[in-house]
Amino acid sequence: MTAETLAHLMKESNHTVVLTGAGMSTESGIPDFRSSKGLWQNIDPRIVASTESLQKNYEQFREFYQMRITALDNCEPHKGHLILADFEKRGLVSLIATQNVDQLHQQAGSKNVAELHGNIVSIRCQKCGKPHAKEQFLNNSICTYCSGKLRPNVVLFGETLPTEAWDRTLHEIHDADLVLVIGTSLEVYPVNQLPSMSKGKLVYINREQTSTSAHYSFDLVLEGSAGEILADVHRELKDFKKL
Ligand code: APR
């Protein structure tokens, strides 16, 4: 079972949805969360990435996200992101539903992206909801309207997912012939339920099988780095267009 098999599945499918996680961005220099070098190996997410930390540990919360936002300045999409954008243009991918908050899919040119966990690129006031500039958050400013705390538009532990992104993803997953799950441990609810909501074929592209991913009955598992595997598939689909 190789990239060739996946290329064949993509040719056959009339509706392919891609679900990505932090493993899709590690080749751009952004660490994931739960693999051996993941962020949560050294940082407790409850202390820096939850509604409780926003209320009770704002300094640590702000420092953590300032670090992640600043780190993005030196990152750009890698070939895997560019290939998925090319697949969209050629009608081979209809939606990218991502848990990532770095907007690298959009930077690579993907148009139909559902941000299931929001993003850290845009900022709002926690109290009045008014948008603010990234620089204001990076400069420790407070809300210019109500003096409330500023925070990124990321979904924190303890918060619900953005309705529009979730509903659009559910809709597309229900109609999908093929779902590609790329670079995620599938540990986090409710996104980890999505693959089992599809009647289509399921493919898993990940560096490793995880305790959770092992529970899914994937039609195809390709272990390795997302960028390399997508490059192999791209070669197989060199002149193929759906449109
Ligand atoms: N190619 C393929 N797989 C990779 C690569 C790569 N280049 N790099 C890492 N991986 C795999 C890791 O082996 C791991 O199994 O990607 C997976 C990433 O899993 P997590 O770190 O758990 O990230 P993710 O599944 O996206 O986490 C979900 O949890 O912490 C929250 O909100 C955060 O959106 C995040 C959510």
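Rule-based calculations on the coordinates, nothing more; no lab input. What you see is a predicted model; the values in this text were computed from it and never measured. Here the Cβ positions follow ideal geometry from the backbone for every residue, glycine too, while neighbour counts run over all protein chains shown.
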**Report entry** Helix axis angle, 163-175 relative to the chain longest principal axis, alpha carbon, degrees
**Finding:** 10 degrees
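Excluding GLY29 itself, calculate the net charge of residues whose Cβ lies under 15 Å from the Cβ of GLY29, where each Lys or Arg counts +1 and each Asp or Glu counts -1.
Summing Lys and Arg as +1 and Asp and Glu as -1 gives -2.
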Query raised in the report: Fewest first, what order do TYR145, TYR189 take by the number of other Cβ atoms within 10 Å?
Result: TYR189, TYR145
Query raised in the report: Two-decimal Rg/Rh of the chain from alpha-carbon positions, Kirkwood Rh?
Result: 0.98
Query raised in the report: If we count every other residue with Cβ under 11 angstrom of ARG151's Cβ, Lys/Arg +1 and Asp/Glu -1, where does the sum land?
Result: +3
Query raised in the report: How large is log10 I(q)/I(0) at q = 0.12, 0.16, 0.22 Å⁻¹ when the Debye formula is applied to the Cα atoms of segment 26-158, each weighted equally and without solvent?
Result: -0.52, -0.87, -1.34
Report summary line: Rounded to the nearest 5, the percent of antiparallel DSSP beta bridges in segment 86-243 equals 35 percent
Requested in this report: Could you work out the relative contact order of segment 20-158, using alpha carbon pairs under 8 angstrom and six or more residues apart, expressed as a whole percent?
Outcome: 21 percent
Report task. Using only the Cα atoms of segment 147-243, each taken as one equal point scatterer with no solvent, compute I(q) by the Debye sum, divide by I(0), and report log10 of the ratio at q = 0.15, 0.18, 0.23 Å⁻¹. Result -> -0.75, -0.99, -1.28
Report summary line: Pairs over 32 Å Cα to Cα, from LYS130/LYS201; LYS56/LYS111; LYS127/LYS199; LYS79/LYS242; LYS134/LYS199; LYS56/LYS134, come to LYS130/LYS201; LYS56/LYS111; LYS127/LYS199; LYS134/LYS199
Query raised in the report: For PHE218, PHE240, what's the fewest-to-most ordering of other Cβ within 10 Å of each Cβ?
Result: PHE240, PHE218
**Report entry** Cross-link partners of LYS89 among aspartates and glutamates (Cα-Cα below 14 Å; sequence separation of 8 or more within a chain)
**Finding:** ASP239
Query raised in the report: How are the C-alpha pair distances of segment 103-171 spread across 10 Å bins, as whole percents from the shortest bin up?
Result: 20, 42, 31, 8
Query raised in the report: Arranged from highest to lowest average of other beta-carbon atoms within 10 Å per residue, in what order do the peptides 37-46, 230-239, 60-69, 198-207 appear?
Result: 198-207, 60-69, 230-239, 37-46
Query raised in the report: Between GLN126 and THR210, what is the FRET efficiency for a Förster distance of 41 Å, r being their Cβ-Cβ separation, to the nearest 0.05?
Result: 0.80
Requested in this report: For the chain, build the charge dipole from Cβ charges (+1 Lys, Arg; -1 Asp, Glu) around the Cα centre, then report which of CYS128, GLN55, THR160 sits farthest towards its positive end.
Outcome: CYS128
**Report entry** Computed lengthening from GLU236 to HIS8, 0.36 nm per intervening residue step minus Cα-Cα distance
**Finding:** 81.2 nm
Report task. Please compute the net charge surrounding ALA97, taking Lys and Arg as +1 and Asp and Glu as -1 over other residues with Cβ under 14 Å from its Cβ. Result -> -4
Query raised in the report: Between segment 1-50 and segment 121-168, how many Å separate their Cα centres?
Result: 25 Å
Query raised in the report: Mind checking the alpha-carbon convex hull of segment 42-110 and giving the volume per residue in Å³?
Result: 103 Å³
